[in-house]
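Asker: Quick one: structure below, then a few questions.
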Amino acid sequence: MDTLLVLIPALPFLAFITIVLVTNHDKRLSASLTIGATALSWLLGWYFAFRALLHPEHYAEHPMAWTVPWFPGGHTVFVTGFQVDLLTAAMLFMVPFLCLLIFIYSLGYMEGDPRFSRFFAYLALFATGMLGFILADNMLLAFIFWELMGVCSYLLIGFWSFRKPGETHIDHAQVERARRASLKAFITTRVGDTVMLAGMVLLYAMTGSLRWSEVLAPHTLERLAEQMTQMPVFGDVRWATLLAILVFWGAIGKSAQFPLHVWLPDAMEGPTPVSALIHAATMVSAGVYLIIRTFPLFHVVAHGHNGAMWFVAFIGTFTALFAATIGVAQFDIKRVLAYSTISQLGYMFAALGIGAYVAAAFHLLMHAFFKALLFLGSGSVIHAMHHGHHVAHEHAHGEEDLGGLEFNPNDMRFMGGLMKKMPITAWTFIAGGLSLAAFPIITAGFWSKDEILAEAWHNGHMWVFWTLAVAAFLTAFYTGRQIFMTFFGEPRTEAARHAHESPKTMTYPLIILAVFAIAGGWVGIPETFPGLGPLVKGWFQSVMEIQAEALHIHMEPVPFNPVPALISMTMALGGLLVAWLIYGTRPLGFEDPLERPLNGLWQVLYHKYWIDEIYQGTIIAFAKWFAVFLYKVDDVWIIDPLVDKVGRFGRWLAFSTRRFVDEQIIDRLVNLTAWVSNVLGEWFRQIQTGQVQNYLLAIALTVTVLLLLTVF
């Protein structure tokens, strides 16, 4: 049965190939192929996931595996394949299931798009990349699937840029934004990937392998932790520290952590199912999964005097607060969620930086469910606003007053009152929002986020704890702001008044995800939590602790402490309460109630600290200047002029030497060769008599002469 592992990523890939080569003309068949292949991958994935999770002691030490020889690597053969241990099993429970729900949702969302088949082909390829990545048993194969996800993100974020001028309802500004966003995402993530690739090369040079079982073996890690290398600025650095930081840069790019976070908010220009895929089931989750997978490499350096773990903790903690502050001042419903994703990923990296291996894995899974729900819910809202705007435009008797703003179906300022218009979307979105805000006890987000805060408090990382606690307050605040601006109050535009509930293909996935957003976290209620703990017994924590012990990572259980728990609850409820007081108790207009009171600070947050503008004025400006400089070196100043001069000299030399060299020497040599050939031909023609006797006589004389020469 382990051989069937290869089918999990192979089935969506076969669907992609079939759509591209055969069924592209048939939209329904193409969508059915993608959904059917993903459904089979989901069933296989859950089979292997439950098989491992129900027998954790065995599969932590002996993962299910399928391997084949790949290519010769010097004295050995590089072996590659797929494996399922407990960490992979947890991801197999989440990834194909979310992909399947998002693909079903896409049936309604992408209805009528002329590139419907192409969209589902790209979705299938994206799923192939993530499934192959989590299953890979070595870093090289994982990197190949990692890059495949990068290509798919480029294609799907820029999907609207494929629109042609002749199509109806085309938004040329959106086409340009999509083109720029896809290019920005691709190039930004390549920065991190390049550094990560350097780490892979060095890791292979130091260990002679890239397989997880060999690279992360205790004796290999101990050797890397003991050996030192000389760095130009930092002096002596342990190899384990250097390799860990290089690998982490790949996760910084993929999971949009500061300073490579700028691509993710712009990625919202893609269709909403793409946003859900990127933020929940693939792409950004891959960066966190990579660090969880390679955590032993980071953990072994934590016992020395180095900064790999500290670096991870700092980047994650800073990004969690940094992104949360920006989310407070955004109006695009998907951009708010984008910055919340950046912030929540920061939580996960902060957890890994302080050694909270289990808490990071738990929050990764729970976040995927409620963030997929929130993005699909936002897509349902945008879909309804689009429809409402077209209906209102058809029945309008004049221009609607939008406060001097241009209508945007993503803008929360144009919404309001959608609870009555689309109750299923509203209530499921609220369920996801409460989970994101970590509403106490009942939501999955509370249990996963509280686990991280409890770890930070218990292990004395107070700067991490208080920074993440403030970020938790801001998360609850901007989540409440989003809910109240979108679903409560009265409709602020005709588009909101004419909105209606989305089709069942879109609402059914929302209902299913809402169940996981609320109840999914109950499997991780700590055993020491009063009342509920003894019932659940921290099932997820116990399973992942077995995996950690198999990797020789010692995990001490964190006892329940009411102080950090109460602080966490206070931050969540306080943020929601403040959001209700500002946005839920009074009618809203097109201006945010905080815009004038905060004044300059609001502008800083609204413009995202001008990080994009800083990059445009420095790094990108330098890149453009350098490109122009190289162009001038190549085409204007040095290379092309030099090549032209060489060419002109060659032409002059050819014309100058033509009469002497060509006519007097080369032509005469050619003519002499022809004359000699003619003379020899005339002579040999004389001895061609056609009589066999003469030929035998010539042969006999030749043999006689040769014998005489040999003897004498």
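The values are calculated or read from the model by the stated rules, or taken from the named source; none is laboratory data. Predicted model, so just to flag it, every value in this text is computed and none were measured. Note that each Cβ is placed from the backbone with ideal geometry, even for glycine, and that neighbours are counted across all protein chains shown. Calculation scope for accessible area: heavy atoms of the full protein, side chains included, ligands and nucleic acids excluded. Shrake-Rupley method; radii C 1.70, N 1.55, O 1.52, S 1.80 Å.
Asker: Would you mind working out the accessible area per residue for segment 509-601, using a 1.4 Å probe, and quoting it in Å²?
Answerer: Computed with neighbouring chains in place, this is 52 Å² per residue.
Asker: Could I ask something else about it? Just how large is the dipole of the chain about the Cα centre, in debye to the nearest 20, putting +1 at every Lys and Arg Cβ and -1 at every Asp and Glu Cβ?
Answerer: Roughly 920 debye, rounded to the nearest 20.
Asker: What are the ³J(HN,Hα) couplings of segment 5-22, residue after residue, when phi is run through the Karplus curve with 6.51, -1.76, 1.60 and θ = phi - 60°? Round to Hz, x for glycine and proline.
Answerer: 3, 5, 6, 4, x, 6, 4, x, 5, 5, 5, 4, 4, 5, 5, 5, 8, 10
Asker: What residues qualify as long-range amide H neighbours of Phe78, i.e. H under 5 Å apart, gap of 5 or more or another chain, H built at 1.01 Å from N?
Answerer: Excluding prolines and chain starts, which carry no amide H, the hits are Trp70, Phe71, Gly73.
Asker: Turning to a different aspect of this structure: At 25 °C and 0.890 mPa s, grab the translational diffusion coefficient of segment 247-325 from Stokes-Einstein with a Kirkwood Rh over Cα pairs, rounded to a whole number in µm² per second.
Answerer: Details: Rh = 13.5 Å.
So the translational diffusion coefficient is about 182 µm²/s.
Asker: Give me the Å³ per residue figure for the convex hull around the C-alpha atoms of segment 394-535.
Answerer: Hull volume over Cα atoms, normalised by residue count, gives 134 Å³.
Asker: Another question about this same structure. Just report the Cα centroid separation between segment 159-231 and segment 599-617, whole Å.
Answerer: Using only Cα atoms to place each centre, the spacing works out to 26 Å.
Asker: Related question: Give me the percent relative contact order of the chain, please, defined on Cα pairs under 8 angstrom at least 6 residues apart.
Answerer: That works out to 11 percent.
Asker: Could you give me the ³J(HN,Hα) list for segment 175-188, computed from phi with Karplus coefficients 6.51, -1.76, 1.60 and θ = phi - 60°, whole Hz, x at Gly and Pro?
Answerer: The phi angles translate into 4, 5, 4, 5, 4, 5, 5, 5, 5, 5, 5, 5, 5, 4 Hz.
Asker: Ignoring any ligand, DNA or RNA, what whole percent of the accessible area of the chain comes from carbon and sulfur when the probe is 1.4 angstrom?
Answerer: C and S fraction of accessible area: 67 percent.
Asker: Here is a follow-up. Could you state the angle between the C-alpha long axis of helix 621-631 and the longest principal axis of the C-alpha atoms of the chain, as a value from 0 to 90 degrees rounded to the nearest 10?
Answerer: Compared with the principal axis, the helix lies near 10 degrees.
Asker: Treating the angle as unsigned and between 0 and 90°, give the value, to the nearest 10°, between the Cα long axis of helix 462-487 and the longest Cα principal axis of the chain.
Answerer: 80
Asker: Amide H of Gly489: which non-local residues (sequence gap of 5 or more, or other chain) have their own amide H closer than 5 Å, using H built in the peptide plane?
Answerer: For Gly489, whose amide H was placed from the backbone, the distant partners under 5 Å are Gly417.
Asker: For segment 390-443, what does the accessible surface come to per residue with a 1.4 Å probe? Please give it in Å². The partial results should precede the final answer.
Answerer: On the way: 2640 Å² over 54 residues.
Value for segment 390-443: 49 Å² per residue.
Asker: May I ask you to derive the relative contact order of segment 432-480, considering only C-alpha pairs under 8 Å and at least 6 residues apart, and to give it as an integer percent?
Answerer: Relative contact order here is 41 percent.
Asker: I would also like to ask the following. Under the rule of at least 5 residues apart or a separate chain, name every residue whose amide H is placed under 5 Å from the amide H of Phe439.
Answerer: Counting only residues 5 or more places away or on other chains, the set is Phe446.
Asker: From the phi angles alone, apply the Karplus equation (6.51, -1.76, 1.60; θ = phi - 60°) to segment 598-615 and give each ³J(HN,Hα) in whole Hz, x where the residue is Gly or Pro.
Answerer: With the stated coefficients, segment 598-615 comes to 7, 6, x, 4, 4, 5, 4, 5, 4, 8, 6, 6, 6, 5, 4, 5, 5, 5 Hz.
Asker: Same structure, new question: Counting Lys and Arg as +1 and Asp and Glu as -1, what is the net charge of the other residues whose Cβ lies under 11 Å from the Cβ of Glu61?
Answerer: Summing Lys/Arg as +1 and Asp/Glu as -1 gives -3.
Asker: Using Cα pairs under 8 angstrom and six or more residues apart, how large is the relative contact order of segment 258-414, in percent?
Answerer: For segment 258-414, the relative contact order is 29 percent.
Asker: Here's a follow-up. So, in Å, what gap is there between the alpha-carbon centers of segment 311-363 and segment 386-457?
Answerer: Segment 311-363 and segment 386-457 have Cα centres separated by 20 Å.
Asker: Just the number, please: Stokes-Einstein D of segment 317-432 in µm²/s, Kirkwood Rh from C-alpha pairs, 37 °C, 0.692 mPa s.
Answerer: Rounded, D is 204 µm²/s.
Asker: Could you tell me which GluC sites (Glu not before Pro) in segment 329-433 are loop residues by DSSP with no more than 12 other beta carbons within 10 angstrom of their beta carbon?
Answerer: Taking segment 329-433 and a limit of 12 other Cβ atoms within 10 Å, the loop GluC sites (Glu not before Pro) found are Glu399, Glu406.
Asker: Considering the Cα trace of segment 1-74, what is its radius of gyration and what is Dmax, both in angstroms?
Answerer: 16.3, 50
Asker: Which value in deg cm²/dmol, rounded to the nearest 500, describes the helix-derived mean residue ellipticity at 222 nm for the chain, given -39,500 (n - 2.57) per DSSP H run of n ≥ 4 and division by the residue count?
Answerer: Values: 33 runs with 478 residues, N = 712.
Here the helix-only value at 222 nm equals -22000 deg cm²/dmol.
Asker: Please label the shape of segment 95-208 as rounded, prolate or oblate, based on the square roots a ≥ b ≥ c of the eigenvalues of the alpha-carbon gyration tensor (a/c under 1.5 means rounded; beyond that, a/b larger than b/c means prolate, else oblate).
Answerer: Oblate, because a/c is 1.5 or more while a/b does not exceed b/c.
Asker: When the scattering of the chain is computed by the Debye formula from its Cα atoms alone, each counted once and equally, what is log10 I(q)/I(0) at q = 0.06, 0.07, 0.08 Å⁻¹?
Answerer: -0.42, -0.53, -0.65
Asker: Send over a whole-number figure in Å² for the accessible area per residue of segment 197-346, probe 1.4 Å.
Answerer: Counting only protein heavy atoms, the per-residue value for segment 197-346 is 27 Å².
Asker: Any idea what angle helix 284-293 forms with the longest principal axis of the chain, computed on alpha-carbon atoms, 0 to 90 degrees, nearest 10?
Answerer: Approximately 80 degrees, to the nearest ten.
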